[in-house]
1. Looking at region 95-119 only, could you name the residues that are more than 19 Å from Ile255 (Cβ to Cβ), assigned to a strand (DSSP E or B) and of a type in the set (A, V, I, L, M)?
2. Scan Ala354, Ala329, Ala371 and give me the residue that is farther than 23 Å from Val111 by Cα and not basic (Lys, Arg).
3. At pLDDT 95 or above and in contact with a Leu (Cβ under 8 Å, 6 or more places away or on another chain), is that true of Gln312?
4. Residues that are touching a Pro at 6+ places or on another chain (Cβ under 9 Å) and assigned by TED's automatic domain parsing to the domain that holds Arg105: list the helices (runs of 4 or more DSSP H) wholly contained in region 10-81 that include at least 2 such residues.
5. How about region 12-59: which of its residues are among the hydrophobic types (A, V, I, L, M, F, W, C), under 28 Å from Asn79 (Cβ atoms) and surrounded by 15 or more Cβ atoms within 10 Å (Cβ to Cβ)?
6. Among the residues of region 122-144, is any without any contact (Cβ under 8 Å) to a residue 60 or more places away in the chain, out of contact with any helix residue (DSSP H, G or I) (no Cβ under 6 Å at 6 or more places or on another chain), part of a loop (DSSP other than H, G, I, E, B) and over 17 Å from His243 (Cβ atoms)?
7. Hand me the list of helices (runs of 4 or more DSSP H) wholly inside region 301-356 holding 3 or more residues that are in the same structural domain as Trp8 (by TED's automatic domain parsing) and touching a His at 6+ places or on another chain (Cβ under 9 Å).
8. Return the residues of region 96-110 that are crowded, with 24+ Cβ neighbours inside 10 Å and aliphatic (A, V, I, L, M); say none if nothing qualifies.
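The values are calculated or read from the model by the stated rules, or taken from the named source; none is laboratory data. As the structure is a prediction and not an experimental result, all values here were calculated from the model. Neighbour counts run over all protein chains shown; Cβ positions are idealised from the backbone, glycine included.
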Amino acid sequence: MPDTLEVWIVNAYRGSDTVTFLQEQLRPFLSAHPSIRIDWRLLTFANALTELVRAYKQGTPPDVFEFGTTWLPTFARLNMLSCVPPGVMSARPAAPYLVSASRYREDQYGVPWTADTTCFMARKDIVEQFGIDHTIPISWEQFSQICRNITENRLHGNQHVPRPIHFPCRPERVTLHRMSPWFWSGGFEFPRLHEQPVAFMTSPKLLSTLEYLYDLMHISGSTTEDARMSSYEGNLSFFMYGHTAFHVTSLFEAIRNVVSGPDPTVHQFPTQVIPVPRGPAGSIPYGGGSMLGVSSATKHPAAAWELVAALQAPRLVSAWASWIYSLPAVECDFWDLYLVNPDIQVLYENMQRARSYPMHPMWGSLERRLAIGLSEVLWHLVEFGRNAETVARAARIDSEINEIVSLYWEVEG
């Protein structure tokens, strides 16, 4: 009887074509393993974590599944994942953070598949006007001065000049992902979550970075309309309308520009990826992505791990990253083909310097509360500016975070 493997993949952009693509890429593997059948399910990052935990609780988890790097400690602590056996990984991780992100305590539970990192973009006319070198991060002071110069040009009557930058303020995880590089570069370190109390929003380094970001908001003339922008609206504002000179976005548009060329219906202004501006602690990007794992409850562990090995093979990972406009998490032909491109060079260097979040089982809950809290503080800065309420809000958020961490300690104790 065939081994039917239930496989859940996190990808919404290509829809049902995803299954066709992966089946075609796996054709040599499936021909060599005629007893294996695959039952695919497609998820989004918005619902995947909830669906995976629900399936585990109901006793119906998939055999193989893709998951975000920050979810691994939670899944490992809940005993949802099998340890990766020797010989499964045929390619080296493309960046140091992916090695630690695949492990919980002493064991490896995830196989790196796709990589995510900070994508800080600028209009090319702005890059050329201010002589920005894509190989060297400009300092926070230099970036502030460039933003001031752009604003002064607008004030002198040239309304075709874009505004400098706007920051996302929506209560979503992506807000934390896009703001964390500023915090790290400002010297903030996420606290060790086994010590009490923990300080996130009230950390002096984080608060000083918020001061810097507030100054950038003020220089850029940030409004509540900016704060409400979704990622989609922010991309349209930057790529199609050229409303801002700088933009923090997902990898999708940058990779599509390189692999398939700019979409003429979206890209009205040439753009370029540049390094994250260098703060007191340096230029420190975010590092994330996705892993492949095998359920601890699978009835077909050998077949499941053989499939994971096939999905993580360099040839397939290269094709997959190119097709979904992402970055591969392992060394493969993608890098040989595209690393000559300046945008890919910056993104690859970002991966080498990237940091990831604390590997803690409660990180999913903490990340959600931090994203909401950060949104509250940023929104307050946009609407009311700096005042005593800014620090008071930060203190309330840290109090709630400490309650979450204390609950975990009580359960563990």
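1. Answer for region 95-119, where residues must be more than 19 Å from Ile255 (Cβ to Cβ), assigned to a strand (DSSP E or B) and of a type in the set (A, V, I, L, M): just Val111.
2. Numbers: Ala354 fails: farther than 23 Å from Val111 by Cα; Ala329 fails: farther than 23 Å from Val111 by Cα.
Exactly one of Ala354, Ala329, Ala371 is farther than 23 Å from Val111 by Cα and not basic (Lys, Arg), namely Ala371.
3. Numbers: at pLDDT 95 or above: yes; in contact with a Leu (Cβ under 8 Å, 6 or more places away or on another chain): yes.
The answer is yes for Gln312.
4. 48-57, 72-77
5. Of all residues in region 12-59, those among the hydrophobic types (A, V, I, L, M, F, W, C) come to 12, 19, 21-22, 26, 29-30, 32, 36, 38, 40, 42-43, 45-46, 48-49, 52-53, 55.
Those still in the list that are under 28 Å from Asn79 (Cβ atoms) too: 22, 36, 38, 40, 42-43, 45-46, 48-49, 52-53, 55.
Selection gives Leu22, Ile36, Ile38, Trp40, Leu42, Leu43, Phe45, Ala48, Leu49, Leu52, Val53, Ala55.
6. Residues of region 122-144 that are without any contact (Cβ under 8 Å) to a residue 60 or more places away in the chain, as a first pass: 128-131, 133, 141.
Filter once more, keeping what is out of contact with any helix residue (DSSP H, G or I) (no Cβ under 6 Å at 6 or more places or on another chain): 128-129, 131, 133, 141.
Next, only the ones that are part of a loop (DSSP other than H, G, I, E, B) stay: 131, 133.
Next, only the ones that are over 17 Å from His243 (Cβ atoms) stay: 131, 133.
Yes, region 122-144 contains at least one residue that is without any contact (Cβ under 8 Å) to a residue 60 or more places away in the chain, out of contact with any helix residue (DSSP H, G or I) (no Cβ under 6 Å at 6 or more places or on another chain), part of a loop (DSSP other than H, G, I, E, B) and over 17 Å from His243 (Cβ atoms).
7. Working: elements: 301-311, 314-324, 333-338, 342-353.
In region 301-356, the matching helices (runs of 4 or more DSSP H) lie at 301-311, 342-353.
8. Result: Leu98, Ala101.
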